[in-house]
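A quick write-up on the structure given underneath.
The values are calculated or read from the model by the stated rules, or taken from the named source; none is laboratory data. Since this is a predicted model, take the numbers as computed values, not measurements. Positions of Cβ are generated from backbone atoms using ideal geometry, with glycine treated the same way; all protein chains shown enter the neighbour counts. The accessibility values were calculated without ligands, DNA or RNA, using every heavy atom of the protein model including side chains. Shrake-Rupley method; radii C 1.70, N 1.55, O 1.52, S 1.80 Å.
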Amino acid sequence: MKLNGSDIIAEVLIEQGVDTIFGYPGGAVLNIYDALYKYRDKIHHILTAHEQGASHAADGYARATGKTGVVIATSGPGATNLVTGIATAYMDSIPMVAITGNVGTSYIGKDAFQEVYITGITMPITKHNFFVSDIKELAPTAFKIANSGRKGPVLVDIPKDVTAAITEYEKAAPEVIIDNTVINEDEVKKAAALINKAKRPVIEIGGGVVSSEASDLVRMLVNKTGAPCCHTLMAAGVLGFSEKLNYGLVGMHGSFVTNKAIDEADVLVAIGTRFSDRVALNTNRFAHKAKVIQIDIDLSEIDKNVKVDHALVGDVKTIVMDLLHYVKQSDRTDWLKTLDEYKKSDYHPVDSDKFITPHQLIRAICENVPKDTVYVTDVGQHQMWAAQYLEHTDPRSFLTSGGLGTMGYGYGAAIGAKVAFPDRRVIHITGDGSFHMNMNEACTAVSYNLPIITVIFDNEVLGMVRQWQTAFYGKRYSQTDPHRKTDYV
């Protein structure tokens, strides 16, 4: 059948199982929005207040569901307003497809109204991007790229005349995503032998475990080896908050016991984590007594930050499933007793009956919401308190910007999560600094009757930055006291 480019875009979205998109219309995407009007019974469109909010909403939708989030924006400022959201998804390996319009092909390169070279701008922050100069090039390949291997955002930029051009179109099934992991049994056996012989093993869990849907298998590995476990920000919830072998967050904002465990470990098994600077602060001393085993889908992450002794490259789910055949059921009682002693000397926050403390506030939230609540944070002190004290029980229930650290991420992401799961409670935890970044999305939540609860940690300062000014800049509080006049009530 013959269709125009815009109808083909809608058909491809439906083929890929997309029923929800986030965006904001404009001149260069009017043809696409005309098609969305025709397909409105199959594709639900959420109109946000700002394109950045739309990109964060698509990101939050993807994190909460595991599906590919989709966002659409017009050319020029519409497209550039997506950049922060695309970069946020890129740094945390979140599958997203961003569709942008551009000026007609005859105007490309002539500085036409609202023309911008968005494929050039986003090249460093996408897995891949496409400039569609011919209607015949419109294809669902972007979805396969976004959701295969190490996941991430893909941008498709389409000139306005291409969205109007007519061509022959045949419906097709989505391309099958194939796991290309090649298991090296000898290396897996060597890794298992190291784990079996270890006296002080530690398992470090990263966001790749969530991306691979490998949480249950990793829990089996942890329980079978009896090894204590720690997690990065992106892996909160892979193990339950109160599970015996879960010692909590690791790194700069982690606990004393988790960092001490890695420092004392003789074997470290790092699963789906890239040893970022917030985890491995001193890469020369990180796990310096340990044989390091890194399991990651991305070959470029091996030896990038921390030199490893054994690398198992491929999909986490596939490799851990194989590793389970060779590791032995082990008792690590002595090692766990040592760590429990370290835990006693760890920092333990003290309750107060005179003022609100962060851990008490978070405890109160946890006590008053269902167990399947989705928590979404912005970035700053509140984010770290949430990571440390929320009673995480599910790997896709803590949505936060880890790699890019995007203030203003939370409200859009909360909208995405609530649209995905209308029957689940969504709690948006933010600071007064972050809240002001994208508070305009409150109108989106209200307009679509999305009952998101926003909890503002209102300390009237830019808390994390001020904390650094206190520690390293002689308490010279330059521009970290905003003195906002906002009446939140």
- Message: Can you tell me, using C-alpha contacts under 8 Å and at least 6 residues apart, the relative contact order of the stretch 402-463 as a whole percent?
- Response: 40 percent
- Can you pull the percent of the chain's accessible area that's carbon plus sulfur, 1.4 Å probe, other chains left in place? 53 percent
- Item | Pair K110, F472: separation of 7 Å Cα→Cβ label points (nm) | 5.0 nm
- Message: Probe radius 1.4 Å, ligands and nucleic acids left out: which of R150, R424 has the largest accessible area, and how do the rest follow?
- Response: R150, R424
- Task: Run the 1.4 Å probe and let me know the accessible area of D423, rounded to the nearest 10 Å².
- Result: 150 Å²
- Query: In sequence order, what are the phi-derived ³J(HN,Hα) couplings for the stretch 196-201 according to the Karplus relation 6.51 cos²θ - 1.76 cosθ + 1.60 with θ = phi - 60°, rounded to whole Hz, with x for glycine and proline?
  - Reply: 5, 7, 5, 9, 9, x
- Straight-distance crosslink candidates among lysines, where the alpha carbon sits under 17 Å from K199 and sequence neighbours closer than 8 are dropped: K190, K224, K260, K289, K291, K328, K337
- Averaged per residue, what accessible surface does the stretch 360-489 expose to a 1.4 Å probe, in Å²? 48 Å²
- Message: Within 10 Å of each candidate Cβ there may be at most 11 other Cβ atoms; applying that plus a DSSP loop requirement, which GluC sites (Glu not before Pro) in the stretch 154-194 survive?
- Response: E170
- Query: What's the FRET efficiency of D186 with T283 using the Cβ-Cβ distance as r and R₀ = 25 Å, to the nearest 0.05?
  - Reply: 0.35
- Item | 1.4 Å probe accessible area per residue over the stretch 85-144, in Å² | 47 Å²
- For the stretch 211-349: accessible area per residue (Å², 1.4 Å): 44 Å²
- For K317, go through the aspartates and glutamates and keep the ones whose alpha-carbon is under 12 Å away, minus same-chain ones fewer than eight residues off. D179, E213, D216, D296
- Over the chain, calculate the relative contact order: mean separation of alpha carbon pairs under 8 Å at least 6 apart, over the residue count, as a percent. 15 percent
